[in-house]
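Notes to accompany the following structure.
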Amino acid sequence: MNTVTVKQSPLQGTLKIPASKSMSHRAIMAAGLAQGKSVIRNLIFSKDIIATIGCMRNIGADIEVFDDHVVIEGIGGVTIKHPDFLCNESGSTIRFMIPIGMMDQDYDGTIVFHGEGRLKTRPMTPYFEIFEKKGIEFDYSDRLPLKIKGHLEAGRYELPGNVSSQFVTGLMYALALNKEPSVIEMTSLLESKSYVDMTIDVLKDFGIIIDNENYECFHIPGGQAFKAQDYTVEGDYSQVAFFIAAGLINGDLTLTGLKEQSLQGDSAILEIMARMGGDVAFSKEGLRVKRSKTHGVEVDMSEIPDMLPALSVIAALSEGTTRLYNGERIRLKESDRIKAMHSELTKMGADIEETEDGLIIRGVTQLKGAELEGWNDHRIVMALAVAATCATSPVSISDAHAITKSYPHFFEDLKSIGGRVHE
(Lines give C-alpha, C1' and ligand atoms only; values in the text may rest on other atoms or scores of the structure.)
Protein backbone atom coordinates (compact mmCIF):
# COMPACT_ATOMS: atom_id res chain seq x y z
CA MET A 1 0.00 0.00 0.00
CA ASN A 2 1.61 3.20 -1.18
CA THR A 3 -1.19 5.40 -2.53
CA VAL A 4 -4.81 5.35 -1.43
CA THR A 5 -7.84 7.13 -2.80
CA VAL A 6 -10.49 8.39 -0.41
CA LYS A 7 -13.91 9.51 -1.61
CA GLN A 8 -16.55 11.62 0.08
CA SER A 9 -18.86 9.70 2.42
CA PRO A 10 -20.71 10.32 5.70
CA LEU A 11 -19.24 8.55 8.70
CA GLN A 12 -21.30 6.79 11.35
CA GLY A 13 -20.84 4.04 13.91
CA THR A 14 -18.84 2.88 16.90
CA LEU A 15 -15.09 2.46 16.91
CA LYS A 16 -12.62 1.20 19.51
CA ILE A 17 -9.62 3.52 19.67
CA PRO A 18 -6.18 1.82 19.73
CA ALA A 19 -3.96 1.79 22.78
CA SER A 20 -1.88 4.83 23.64
CA LYS A 21 1.44 4.45 21.86
CA SER A 22 3.17 6.69 24.41
CA MET A 23 1.98 4.61 27.33
CA SER A 24 2.67 1.34 25.50
CA HIS A 25 6.36 2.27 25.09
CA ARG A 26 6.62 3.20 28.76
CA ALA A 27 4.86 0.10 30.08
CA ILE A 28 6.86 -2.33 27.94
CA MET A 29 10.14 -0.74 29.02
CA ALA A 30 9.18 -0.71 32.72
CA ALA A 31 8.14 -4.37 32.54
CA GLY A 32 11.36 -5.26 30.77
CA LEU A 33 13.39 -3.70 33.60
CA ALA A 34 11.41 -5.47 36.34
CA GLN A 35 12.25 -8.77 38.00
CA GLY A 36 9.73 -11.42 37.05
CA LYS A 37 6.71 -11.78 34.79
CA SER A 38 4.55 -8.86 33.61
CA VAL A 39 1.60 -8.81 31.22
CA ILE A 40 0.99 -5.69 29.14
CA ARG A 41 -2.50 -5.75 27.64
CA ASN A 42 -4.39 -3.88 24.92
CA LEU A 43 -1.43 -3.33 22.61
CA ILE A 44 -1.29 -2.40 18.94
CA PHE A 45 1.85 -3.77 17.29
CA SER A 46 2.82 -0.78 15.21
CA LYS A 47 6.35 -0.43 13.88
CA ASP A 48 7.28 1.84 16.79
CA ILE A 49 6.13 -0.65 19.41
CA ILE A 50 7.83 -3.53 17.59
CA ALA A 51 11.06 -1.50 17.68
CA THR A 52 10.75 -1.04 21.46
CA ILE A 53 10.10 -4.75 21.98
CA GLY A 54 13.23 -5.59 19.98
CA CYS A 55 15.35 -3.17 21.98
CA MET A 56 14.12 -4.55 25.31
CA ARG A 57 15.06 -8.03 24.15
CA ASN A 58 18.55 -6.65 23.49
CA ILE A 59 18.94 -5.85 27.19
CA GLY A 60 17.81 -9.22 28.49
CA ALA A 61 14.01 -9.18 28.63
CA ASP A 62 12.22 -12.30 27.37
CA ILE A 63 9.09 -11.14 25.50
CA GLU A 64 6.31 -13.31 24.11
CA VAL A 65 3.99 -11.54 21.67
CA PHE A 66 0.28 -12.47 21.42
CA ASP A 67 -2.60 -10.92 19.44
CA ASP A 68 -3.19 -7.95 21.73
CA HIS A 69 -0.75 -8.34 24.61
CA VAL A 70 2.76 -9.33 25.59
CA VAL A 71 4.14 -11.43 28.41
CA ILE A 72 7.48 -10.06 29.58
CA GLU A 73 9.95 -11.88 31.82
CA GLY A 74 12.37 -9.27 33.11
CA ILE A 75 15.72 -9.82 34.79
CA GLY A 76 15.50 -6.87 37.15
CA GLY A 77 17.84 -4.57 35.27
CA VAL A 78 19.98 -4.41 32.14
CA THR A 79 22.23 -7.07 30.66
CA ILE A 80 23.39 -6.40 27.11
CA LYS A 81 22.60 -9.43 24.98
CA HIS A 82 22.89 -7.71 21.59
CA PRO A 83 24.69 -4.34 21.23
CA ASP A 84 22.88 -3.20 18.06
CA PHE A 85 19.62 -1.39 18.83
CA LEU A 86 17.30 -1.12 15.81
CA CYS A 87 14.92 1.78 16.44
CA ASN A 88 13.33 2.03 12.99
CA GLU A 89 11.69 5.53 12.90
CA SER A 90 10.69 5.70 16.57
CA GLY A 91 11.89 8.79 18.42
CA SER A 92 10.51 7.47 21.72
CA THR A 93 12.35 4.17 21.32
CA ILE A 94 15.78 5.66 20.67
CA ARG A 95 15.57 8.50 23.19
CA PHE A 96 14.32 6.21 25.95
CA MET A 97 16.73 3.39 25.13
CA ILE A 98 19.98 5.36 24.83
CA PRO A 99 20.37 5.90 28.61
CA ILE A 100 18.75 2.55 29.48
CA GLY A 101 21.23 0.74 27.23
CA MET A 102 24.10 2.32 29.17
CA MET A 103 23.08 0.81 32.51
CA ASP A 104 24.80 -2.58 32.26
CA GLN A 105 27.75 -1.89 34.56
CA ASP A 106 29.39 -5.19 33.59
CA TYR A 107 29.41 -4.44 29.86
CA ASP A 108 32.51 -2.65 28.62
CA GLY A 109 31.82 -2.80 24.89
CA THR A 110 30.16 -0.38 22.49
CA ILE A 111 26.42 -0.16 21.94
CA VAL A 112 25.11 1.09 18.60
CA PHE A 113 21.78 2.77 17.82
CA HIS A 114 20.36 2.55 14.31
CA GLY A 115 17.36 4.29 12.76
CA GLU A 116 15.46 4.80 9.54
CA GLY A 117 13.92 7.75 7.73
CA ARG A 118 13.95 11.12 9.43
CA LEU A 119 14.96 9.56 12.76
CA LYS A 120 18.51 9.37 11.41
CA THR A 121 18.85 13.15 11.79
CA ARG A 122 16.41 14.03 14.59
CA PRO A 123 18.04 16.00 17.44
CA MET A 124 20.07 14.09 20.06
CA THR A 125 22.19 17.04 21.25
CA PRO A 126 21.00 17.00 24.90
CA TYR A 127 22.45 13.52 25.32
CA PHE A 128 25.67 14.46 23.56
CA GLU A 129 26.16 17.37 25.97
CA ILE A 130 25.69 14.98 28.89
CA PHE A 131 28.18 12.51 27.41
CA GLU A 132 30.79 15.24 27.04
CA LYS A 133 30.31 16.42 30.65
CA LYS A 134 30.43 12.88 32.01
CA GLY A 135 33.39 11.73 29.92
CA ILE A 136 31.42 9.13 27.96
CA GLU A 137 32.80 8.12 24.57
CA PHE A 138 30.47 8.44 21.59
CA ASP A 139 30.69 8.57 17.82
CA TYR A 140 28.06 10.35 15.72
CA SER A 141 28.53 12.03 12.33
CA ASP A 142 25.40 14.19 11.92
CA ARG A 143 23.20 11.11 11.47
CA LEU A 144 22.65 7.64 12.88
CA PRO A 145 24.18 5.23 13.68
CA LEU A 146 25.25 6.45 17.12
CA LYS A 147 27.98 4.51 18.93
CA ILE A 148 28.36 4.81 22.72
CA LYS A 149 30.86 3.37 25.18
CA GLY A 150 30.35 4.10 28.85
CA HIS A 151 27.88 4.03 31.74
CA LEU A 152 25.55 6.53 33.39
CA GLU A 153 26.47 6.88 37.05
CA ALA A 154 24.26 8.41 39.73
CA GLY A 155 24.54 12.19 40.00
CA ARG A 156 23.23 15.48 38.65
CA TYR A 157 22.10 15.74 35.02
CA GLU A 158 21.11 18.91 33.18
CA LEU A 159 18.67 19.01 30.28
CA PRO A 160 17.04 21.80 28.25
CA GLY A 161 13.27 21.74 28.42
CA ASN A 162 12.50 23.04 24.94
CA VAL A 163 13.67 20.15 22.76
CA SER A 164 11.77 17.01 23.79
CA SER A 165 10.52 15.56 27.05
CA GLN A 166 11.67 12.16 25.73
CA PHE A 167 15.17 12.91 27.01
CA VAL A 168 13.77 13.42 30.53
CA THR A 169 11.88 10.13 30.35
CA GLY A 170 14.93 8.20 29.16
CA LEU A 171 17.05 9.47 32.06
CA MET A 172 14.31 8.74 34.61
CA TYR A 173 14.12 5.10 33.58
CA ALA A 174 17.89 4.66 33.54
CA LEU A 175 18.87 6.56 36.68
CA ALA A 176 16.22 4.76 38.74
CA LEU A 177 18.40 1.65 38.36
CA ASN A 178 21.33 3.18 40.27
CA LYS A 179 22.00 2.44 43.93
CA GLU A 180 22.64 6.13 44.68
CA PRO A 181 20.23 9.08 44.13
CA SER A 182 20.23 11.32 41.08
CA VAL A 183 18.77 14.67 40.06
CA ILE A 184 17.59 15.83 36.64
CA GLU A 185 17.68 19.62 36.47
CA MET A 186 15.95 21.57 33.70
CA THR A 187 18.00 24.46 32.32
CA SER A 188 14.96 26.01 30.58
CA LEU A 189 11.19 25.81 30.85
CA LEU A 190 10.01 22.24 30.31
CA GLU A 191 7.57 21.80 27.43
CA SER A 192 5.28 18.77 26.99
CA LYS A 193 4.94 18.45 30.77
CA SER A 194 2.07 16.02 30.35
CA TYR A 195 4.41 13.43 28.81
CA VAL A 196 6.60 13.65 31.90
CA ASP A 197 3.50 13.27 34.09
CA MET A 198 2.67 10.15 32.11
CA THR A 199 6.18 8.79 32.64
CA ILE A 200 6.09 9.42 36.39
CA ASP A 201 2.66 7.76 36.61
CA VAL A 202 3.73 4.60 34.73
CA LEU A 203 6.94 4.40 36.75
CA LYS A 204 4.90 4.62 39.95
CA ASP A 205 2.73 1.72 38.77
CA PHE A 206 5.91 -0.33 38.36
CA GLY A 207 7.32 0.60 41.79
CA ILE A 208 9.57 3.58 40.93
CA ILE A 209 9.18 6.91 42.73
CA ILE A 210 10.19 10.23 41.13
CA ASP A 211 9.95 13.47 43.12
CA ASN A 212 8.81 16.28 40.83
CA GLU A 213 9.95 19.69 42.08
CA ASN A 214 7.73 22.02 40.04
CA TYR A 215 9.05 20.58 36.73
CA GLU A 216 12.37 22.31 37.45
CA CYS A 217 14.10 19.39 39.19
CA PHE A 218 13.31 15.71 39.33
CA HIS A 219 14.77 13.78 42.26
CA ILE A 220 15.30 10.05 41.74
CA PRO A 221 16.02 8.08 44.93
CA GLY A 222 18.66 5.37 44.71
CA GLY A 223 18.21 1.69 45.44
CA GLN A 224 14.83 1.33 43.74
CA ALA A 225 13.60 -1.71 41.82
CA PHE A 226 11.04 -2.07 39.04
CA LYS A 227 8.21 -4.42 40.07
CA ALA A 228 6.42 -6.72 37.61
CA GLN A 229 2.78 -5.80 36.88
CA ASP A 230 -0.36 -6.85 35.02
CA TYR A 231 -0.98 -3.59 33.14
CA THR A 232 -3.67 -2.54 30.66
CA VAL A 233 -2.87 0.36 28.31
CA GLU A 234 -5.61 2.96 27.88
CA GLY A 235 -6.84 4.31 24.52
CA ASP A 236 -4.76 6.86 22.64
CA TYR A 237 -5.90 10.49 22.57
CA SER A 238 -3.35 11.33 19.86
CA GLN A 239 -5.15 8.83 17.58
CA VAL A 240 -8.71 9.61 18.63
CA ALA A 241 -8.10 13.19 17.49
CA PHE A 242 -8.41 12.05 13.87
CA PHE A 243 -11.81 10.48 14.50
CA ILE A 244 -12.95 13.48 16.52
CA ALA A 245 -12.12 15.50 13.42
CA ALA A 246 -13.96 12.98 11.25
CA GLY A 247 -17.08 13.11 13.40
CA LEU A 248 -17.14 16.91 13.64
CA ILE A 249 -16.78 17.56 9.93
CA ASN A 250 -18.73 14.63 8.55
CA GLY A 251 -20.40 12.22 10.92
CA ASP A 252 -21.86 10.83 14.11
CA LEU A 253 -19.38 8.56 15.93
CA THR A 254 -19.04 6.81 19.27
CA LEU A 255 -15.41 6.24 20.22
CA THR A 256 -14.63 3.65 22.89
CA GLY A 257 -11.57 2.56 24.90
CA LEU A 258 -10.68 6.01 26.26
CA LYS A 259 -10.08 6.94 29.88
CA GLU A 260 -12.16 10.04 30.62
CA GLN A 261 -9.76 11.36 33.26
CA SER A 262 -6.43 10.77 31.52
CA LEU A 263 -2.90 12.06 32.09
CA GLN A 264 -2.30 12.03 28.35
CA GLY A 265 -1.59 15.61 27.32
CA ASP A 266 -3.44 15.09 24.07
CA SER A 267 -6.69 14.70 26.03
CA ALA A 268 -6.62 18.52 25.81
CA ILE A 269 -8.37 17.95 22.47
CA LEU A 270 -11.62 17.72 24.46
CA GLU A 271 -11.21 21.19 25.97
CA ILE A 272 -10.19 22.63 22.59
CA MET A 273 -13.28 21.13 20.93
CA ALA A 274 -15.45 22.65 23.65
CA ARG A 275 -13.95 26.06 22.88
CA MET A 276 -14.54 25.53 19.16
CA GLY A 277 -18.19 24.63 19.73
CA GLY A 278 -17.84 20.97 18.82
CA ASP A 279 -20.48 18.49 19.97
CA VAL A 280 -18.08 16.13 21.77
CA ALA A 281 -19.02 14.51 25.09
CA PHE A 282 -18.61 11.30 27.07
CA SER A 283 -21.61 9.05 27.55
CA LYS A 284 -21.93 5.56 29.05
CA GLU A 285 -21.20 4.13 25.58
CA GLY A 286 -18.04 6.16 24.98
CA LEU A 287 -17.02 9.50 23.51
CA ARG A 288 -19.83 10.74 21.24
CA VAL A 289 -18.85 13.09 18.40
CA LYS A 290 -21.46 14.68 16.15
CA ARG A 291 -21.20 16.86 13.10
CA SER A 292 -20.90 20.42 14.35
CA LYS A 293 -20.61 24.00 13.23
CA THR A 294 -17.25 24.88 14.80
CA HIS A 295 -15.47 28.22 15.01
CA GLY A 296 -11.85 29.33 15.10
CA VAL A 297 -9.76 29.63 18.27
CA GLU A 298 -6.15 30.15 19.28
CA VAL A 299 -4.26 27.05 20.46
CA ASP A 300 -0.85 26.90 22.13
CA MET A 301 0.77 23.78 20.63
CA SER A 302 3.78 23.57 22.98
CA GLU A 303 2.20 20.85 25.16
CA ILE A 304 0.32 19.00 22.39
CA PRO A 305 2.55 18.96 19.28
CA ASP A 306 0.99 15.78 17.84
CA MET A 307 -2.42 17.48 17.63
CA LEU A 308 -1.49 19.88 14.83
CA PRO A 309 -2.46 17.72 11.81
CA ALA A 310 -5.94 16.85 13.14
CA LEU A 311 -6.59 20.38 14.43
CA SER A 312 -5.59 21.78 11.04
CA VAL A 313 -8.33 19.77 9.35
CA ILE A 314 -10.99 20.86 11.84
CA ALA A 315 -9.85 24.49 11.59
CA ALA A 316 -9.92 24.42 7.79
CA LEU A 317 -13.70 23.83 7.93
CA SER A 318 -14.48 26.06 10.93
CA GLU A 319 -15.93 29.56 10.82
CA GLY A 320 -13.44 32.35 11.36
CA THR A 321 -9.72 32.13 12.03
CA THR A 322 -7.72 29.57 13.99
CA ARG A 323 -4.14 30.22 15.06
CA LEU A 324 -1.92 27.31 16.07
CA TYR A 325 1.25 28.68 17.68
CA ASN A 326 4.29 27.76 19.83
CA GLY A 327 4.90 24.70 17.69
CA GLU A 328 8.47 25.13 16.48
CA ARG A 329 9.33 21.55 17.52
CA ILE A 330 6.58 20.21 15.24
CA ARG A 331 8.95 20.84 12.34
CA LEU A 332 11.29 18.17 13.80
CA LYS A 333 8.86 15.24 13.74
CA GLU A 334 8.66 12.47 11.11
CA SER A 335 8.17 15.36 8.69
CA ASP A 336 7.98 19.12 9.00
CA ARG A 337 4.31 18.85 9.90
CA ILE A 338 3.69 22.59 9.76
CA LYS A 339 4.96 22.75 6.20
CA ALA A 340 3.24 19.49 5.26
CA MET A 341 -0.24 20.51 6.44
CA HIS A 342 0.11 23.94 4.85
CA SER A 343 1.14 22.38 1.55
CA GLU A 344 -1.50 19.66 1.33
CA LEU A 345 -4.53 21.49 2.73
CA THR A 346 -3.77 24.37 0.36
CA LYS A 347 -4.09 21.89 -2.52
CA MET A 348 -7.54 21.04 -1.19
CA GLY A 349 -8.62 24.67 -1.21
CA ALA A 350 -8.00 25.59 2.43
CA ASP A 351 -7.09 29.18 3.31
CA ILE A 352 -3.99 28.48 5.37
CA GLU A 353 -0.86 30.46 6.17
CA GLU A 354 2.40 29.05 7.48
CA THR A 355 4.18 30.88 10.29
CA GLU A 356 7.52 30.17 11.95
CA ASP A 357 5.88 28.36 14.87
CA GLY A 358 2.55 27.20 13.49
CA LEU A 359 -0.36 27.92 11.19
CA ILE A 360 -3.04 30.56 10.67
CA ILE A 361 -6.15 28.95 9.16
CA ARG A 362 -9.19 30.84 7.88
CA GLY A 363 -12.13 28.50 7.55
CA VAL A 364 -13.76 27.66 4.23
CA THR A 365 -17.10 25.95 3.60
CA GLN A 366 -15.73 22.98 1.68
CA LEU A 367 -12.58 21.23 0.53
CA LYS A 368 -11.91 19.85 -2.94
CA GLY A 369 -10.28 16.74 -4.27
CA ALA A 370 -6.58 16.71 -5.09
CA GLU A 371 -3.49 14.57 -5.44
CA LEU A 372 -1.71 14.83 -2.10
CA GLU A 373 1.62 13.79 -0.64
CA GLY A 374 1.69 11.89 2.65
CA TRP A 375 5.22 13.08 3.49
CA ASN A 376 6.06 9.56 4.76
CA ASP A 377 4.38 10.62 8.01
CA HIS A 378 1.62 8.61 9.69
CA ARG A 379 -0.14 11.63 11.19
CA ILE A 380 -0.12 13.57 7.92
CA VAL A 381 -1.61 10.61 6.03
CA MET A 382 -4.36 10.09 8.62
CA ALA A 383 -5.26 13.78 8.80
CA LEU A 384 -5.52 14.06 5.02
CA ALA A 385 -7.63 10.89 4.80
CA VAL A 386 -10.10 12.37 7.28
CA ALA A 387 -10.23 15.64 5.33
CA ALA A 388 -10.87 13.66 2.16
CA THR A 389 -14.07 12.15 3.54
CA CYS A 390 -15.87 15.47 2.96
CA ALA A 391 -14.02 16.70 -0.17
CA THR A 392 -16.09 17.47 -3.26
CA SER A 393 -14.16 14.94 -5.38
CA PRO A 394 -11.75 12.02 -4.78
CA VAL A 395 -8.46 12.57 -2.97
CA SER A 396 -5.35 10.47 -3.57
CA ILE A 397 -2.70 10.30 -0.82
CA SER A 398 0.83 8.98 -1.32
CA ASP A 399 2.97 7.26 1.36
CA ALA A 400 -0.13 5.63 2.83
CA HIS A 401 2.07 2.85 4.22
CA ALA A 402 3.35 5.37 6.80
CA ILE A 403 0.36 4.55 9.02
CA THR A 404 2.10 1.30 10.04
CA LYS A 405 4.35 3.41 12.27
CA SER A 406 1.57 3.90 14.82
CA TYR A 407 -1.84 2.67 13.55
CA PRO A 408 -1.55 -0.19 11.03
CA HIS A 409 -5.31 -0.78 10.75
CA PHE A 410 -6.33 2.89 10.42
CA PHE A 411 -7.87 2.48 6.97
CA GLU A 412 -9.78 -0.64 8.04
CA ASP A 413 -11.22 1.36 10.93
CA LEU A 414 -12.10 4.24 8.63
CA LYS A 415 -13.91 1.84 6.30
CA SER A 416 -15.79 0.31 9.24
CA ILE A 417 -17.55 3.63 9.92
CA GLY A 418 -18.40 4.31 6.28
CA GLY A 419 -15.17 5.60 4.79
CA ARG A 420 -14.76 4.91 1.05
CA VAL A 421 -11.09 3.95 0.78
CA HIS A 422 -9.52 2.33 -2.28
CA GLU A 423 -6.03 0.94 -1.72
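The values are calculated or read from the model by the stated rules, or taken from the named source; none is laboratory data. All values reported here derive from a predicted model rather than from experimental measurement. Cβ sites come from the backbone with ideal geometry, for glycine too, and all protein chains shown count toward neighbours.
What the table below lists for this structure:
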{"item": "Counted residues, the stretch 226-241 - those being among the aromatic types (Phe, Trp, Tyr) and buried (at least 24 other Cβ atoms within 10 Å of the Cβ)", "result": "2"}
{"item": "Odd one out for Lys81 among (1) among the basic types (Lys, Arg); (2) within 16 Å of Gly32 (Cβ to Cβ); (3) in a strand (DSSP E or B)", "result": "(3)"}
{"item": "Given (1) assigned to a helix (DSSP H, G or I); (2) touching a helix residue (DSSP H, G or I) at 6+ places or on another chain (Cβ under 7 Å), index of the condition Pro123 fails", "result": "(1)"}
{"item": "Qualifying residue in the stretch 38-52 (condition: out of contact with any Pro (no Cβ under 7 Å at 6 or more places or on another chain) and over 24 Å from Gly235 (Cβ atoms))", "result": "no"}
{"item": "Selection status of Ile72, touching a helix residue (DSSP H, G or I) at 6+ places or on another chain (Cβ under 6 Å), in the same structural domain as Asp197 (by TED's automatic domain parsing) and surrounded by fewer than 23 Cβ atoms within 10 Å (Cβ to Cβ)", "result": "no"}
{"item": "Single match in Leu308, Leu332 (criterion: at pLDDT below 95 and either of a type outside the set (Ser, Thr, Tyr) or over 22 Å from the mean Cα position of the chain (by Cα) (or both))", "result": "Leu332"}
{"item": "Of all residues in the stretch 300-338 being hydroxyl-bearing (Ser, Thr, Tyr) and in contact (Cβ under 8 Å) with a residue 40 or more places away in the chain, the one that is farthest from Ile403 (Cα to Cα)", "result": "Thr321"}
{"item": "Qualifying positions in the stretch 18-56 - surrounded by 22 or more Cβ atoms within 10 Å (Cβ to Cβ) and in a loop (DSSP other than H, G, I, E, B)", "result": "Pro18, Ser20, Ala34, Leu43, Ser46"}
{"item": "Residue within the stretch 169-188 that is of a type in the set (Val, Ile, Thr), at pLDDT below 95 and under 24 Å from the mean Cα position of the chain (by Cα) present", "result": "no"}
{"item": "Residues located in the stretch 183-210, provided they are in contact (Cβ under 8 Å) with a residue 40 or more places away in the chain and assigned to a loop (DSSP other than H, G, I, E, B)", "result": "Glu191, Ser192, Phe206, Gly207, Ile208"}
{"item": "Single residue of the stretch 251-276 satisfying the filter (of a type in the set (Asp, Glu) and within 15 Å of Ile17 (Cα to Cα)) that is surrounded by the fewest Cβ atoms within 10 Å (Cβ to Cβ)", "result": "Glu260"}
{"item": "All helices (runs of 4 or more DSSP H) inside the stretch 321-423 with 2 or more residues being surrounded by fewer than 24 Cβ atoms within 10 Å (Cβ to Cβ)", "result": "337-347, 410-416"}
{"item": "Which listed residue is without any contact (Cβ under 8 Å) to a residue 40 or more places away in the chain and under 24 Å from the mean Cα position of the chain (by Cα), from Glu153, Glu129, Glu137, Glu158", "result": "Glu158"}
{"item": "Residue identified as modelled with pLDDT under 95 and within 17 Å of the chain's Cα centre (by Cα) among Glu234, Glu191", "result": "Glu191"}
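Okay, residues lined up against (1) at pLDDT 95 or above; (2) closer than 29 Å to Ser398 by Cα; (3) among the β-branched types (Val, Ile, Thr):
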{"site": "Thr3", "(1), (2), (3)": "yes, yes, yes"}
{"site": "Ala19", "(1), (2), (3)": "yes, yes, no"}
{"site": "Ser24", "(1), (2), (3)": "yes, yes, no"}
{"site": "Ser38", "(1), (2), (3)": "yes, no, no"}
{"site": "Val78", "(1), (2), (3)": "yes, no, yes"}
{"site": "Leu86", "(1), (2), (3)": "yes, yes, no"}
